[in-house]
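This report refers to the structure that appears directly beneath it.
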Amino acid sequence: MSEPLSNEAISAITAAVDAAFEDEIAFLQEIVRARSLRGEEAGVQKIIADALRDRAYDVETYGLDVTQLQSHPAYSPATIDYTDTFNVSGRKKSAHGGRSLILNAHVDVVPTANPANWTHPPFAAVREGDWLFGRGAGDMKAGLAANLFAVDAIEAAGFSLKGPLEFQSVIDEEVTGNGTAAAIMNGATADAVLIPEPTDEEVTYANSGVIKFRISVQGVPAHPREPESGLSAIEAAFLVINELKVLEARWNEEKTSHPGFDDLRNPASLNIGTINGGEWPASIPFECRFEGRIGFYPGDAPQDRMASVEQMLKTLGTKDPRLEKANPKLEWIGTCQAGYLLPEGSDAENALAAAHKITSETALKRSIMACYLDAALYVNHCGIPALTYGPLTKNIHGIDECVNLPSLKRVTKTIALFTAAWCGIAQT
């Protein structure tokens, strides 16, 4: 069980969050302005490593070795070279025998789409009223800032942690999860993990498994004066996508067998994220390629779901004669991981619920996310309870992404109180 915090300790820690909150916002703005698209995370990681050194963490930076990672079940197929980027780990050791904790966050962000469509430039980190705008502000640099300043508040209040703590800033969560996979291979372990993804101050107790794919289809080139003599690869791609939608509908029908998921409209959630095809405006296109993802349920092996997609592609020609010449080629790219389920009533969740109740004066709600979360790697491959809990946001992965600052302050207080109770604290 977690150590109960005295009223004096609670007041001192939450007051320390209040006192440093403008500094926390300024730090969040700094790391949002350090654009960290996939493969470009080195700049923001240097800022974070320096911030940890300034706070007397034992700091380690390390790259991702795909050759080594491929042997671990937490690995997902990589599609970039990780040479120019790295993970950051900051550790605070303790000899007091308290429980250990990992505070994990990712720094990679998704593309912005056309910046002209944003109210403010996507990496300007503009503060407007109760909101801070910017790509990555919500997903999930605000959570990273909350992790950092939560521990600051414990120390500013005059306490040290009785248990060891690891602060992780990882890369490539958005596409593969290989940053956290590398952290696990690097020896990361603890009695609990907290990951402050944007959850609107609810704890995510389950997520969908996710597999990501690239499919290339071929057509038969021809002149547009004789379209019947050819086959458009672009049209063939849409026919394949329609078959994927049939698969999505069938997988969604399974939700009634998975409590909690039956409340979601679309737990399988097929998404086609990119498409590229054709060679010339006045030629029937020969090739088209598209990329996407589809989800499934905790307890299901990703390999079984991948086999279902592969089988569907093999039988396309029997379903639609137009696809007999399409020759679809499938590649697995990015996340190929199972979902996770965190049973209710764990010590870790109870400790988080108690901290949340103090800061928000409401009971902690539990919810499911139909997407990939790094928490799955810790739960499924390490057997560690992983809590996903973070601030209120809007438009993550969209235009005008932003995080709510009053919510961020509450979440920082909650993480601070949870960390103090979980690890235990001693007066310094």
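Values quoted throughout were computed directly from the atomic coordinates according to the rules given, and no laboratory measurement underlies them. All figures in this text were calculated on a predicted structure; none of them were measured in a lab. Cβ coordinates were reconstructed from backbone atoms using ideal geometry, including for glycine residues, and neighbour counts include every protein chain displayed.
What percent of all Cα-Cα pairs in region 204-318 falls into each 5 Å bin, going from 0 up to the bin containing the maximum distance?
Final binned percentages: 2, 11, 19, 19, 15, 11, 8, 6, 4, 3, 1, 0.
Show me the ranking of peptides 191-201, 38-48 by mean Cβ neighbours inside 10 Å, starting with the highest.
Details: 191-201: 23.7, 38-48: 19.4.
Packing order, densest peptide first, comes out as 191-201, 38-48.
Subtract the Cα-Cα distance of residue 26 and residue 241 from 0.36 nm times their separation in residues, and report this length gain in nm to one decimal.
Contour length minus the Cα-Cα distance gives 73.0 nm.
What are the equivalent ellipsoid semi-axes of region 230-271, built from the alpha-carbon gyration tensor (square roots of five times its eigenvalues), in whole angstrom, biggest first?
Semi-axes (√(5λ), whole Å): 30, 8, 4.
Quick check: the angle from helix 142-156's long axis to the longest principal axis of the chain, C-alpha only, nearest 10 degrees?
Rounded to the nearest ten degrees, it is 10.
What is the local net charge at residue 382, summed over the other residues whose Cβ is closer than 12 Å to its Cβ (Lys, Arg +1; Asp, Glu -1)?
Surrounding charge for residue 382 is -2.
Beta carbons within 10 angstrom, averaged per residue: use that to sort the peptides 375-386, 359-370, 136-147, highest first.
My ranking of the peptides, most packed first, is 136-147, 375-386, 359-370.
Students often get this wrong, so check it: of 162/357; 245/314; 141/409; 92/162; 212/329; 212/245, which have C-alpha atoms separated by over 18 Å?
Listed pairs above 18 Å: 162/357.
Tell me which of 377, 412, 398 sits at the most positive position along the dipole axis of region 291-428, charges placed on C-beta atoms (Lys, Arg +1; Asp, Glu -1).
398
Specify the angular offset, from 0 to 90 degrees and rounded to the nearest 10, of the alpha carbon long axis of helix 42-54 from the longest principal axis of the alpha carbons in the chain.
10 degrees
Give me the one-decimal nm value for the distance between modelled label points at residue 325 and residue 15, 7 Å along each residue's Cα-to-Cβ direction.
Output for this residue pair reads 7.9 nm.
So if each residue of separation counts as 0.36 nm, and I subtract the Cα-Cα distance between residue 250 and residue 67, what length gain in nm does that give?
Full extension of this stretch gives 62.3 nm more.
Evaluate the chain: find the radius of gyration of its Cα atoms, find its Kirkwood radius, and give the ratio Rg to Rh.
Using only Cα positions, Rg/Rh for the chain is 1.02.
In bins 5 Å wide, starting from 0, what share of all Cα pairs of region 29-94 does each bin hold, as a percent?
Taking all Cα pairs of region 29-94, the binned fractions are 3, 15, 21, 20, 18, 14, 7, 1 percent.
Taking 0.36 nm per intervening residue step and subtracting the Cα-Cα distance, what contour gain separates residue 427 from residue 276 on full extension? Spell out each step's value before the answer.
Values: separation 151, 0.36 × 151 = 54.36 nm, distance 6.01 nm.
Gain in length upon complete extension: 48.3 nm.
Ratio of Rg to Rh for region 297-428, alpha carbon only, Kirkwood?
Taking Rg over the Kirkwood Rh, I get 1.15.
For the peptides 16-23, 66-73, 407-414, what is the packing order when you average, over each peptide's residues, the other Cβ atoms within 10 Å and list the highest mean first? Present the calculation step by step, with values, prior to reporting the outcome.
Values: 16-23: 16.4, 66-73: 12.1, 407-414: 26.0.
Per-residue mean Cβ counts within 10 Å order the peptides as 407-414, 16-23, 66-73.
For the pairs 255/413; 93/365; 46/93, flag any whose C-alpha to C-alpha distance is greater than 27 Å.
255/413; 93/365
With just the Cα atoms defining each centre, how far is region 282-297 from region 320-356? Give it in Å.
21 Å
In the chain, with Lys and Arg counted as +1 and Asp and Glu as -1 at Cβ, which of these residues, 168, 233, 343, has the Cα nearest the positive end of the dipole, that is, farthest along it?
The one lying farthest along the dipole's positive direction is 233.
Could you bin all the Cα-Cα distances of region 1-149 into 5 Å bins starting at 0 and give me the percent of pairs in each, rounded to whole numbers?
Binned Cα distances yield the sequence 2, 8, 14, 17, 18, 16, 12, 8, 5, 2, 0.
What FRET efficiency do you get for residue 7 and residue 314 if R0 is 51 Å and r is their Cβ-Cβ distance, rounded to the nearest 0.05?
Working: r = 65 Å, r/R0 = 1.28.
Working from the Cβ atoms, E equals 0.20.
Please compute one quarter of the surface area of the Cα convex hull for region 88-174 and express it in square nanometres.
7.2 nm²
If you restrict to DSSP beta bridges whose two residues both lie in the chain, what percentage is antiparallel, to the nearest 5?
Roughly 75 percent of the DSSP beta bridges within the chain come out antiparallel.
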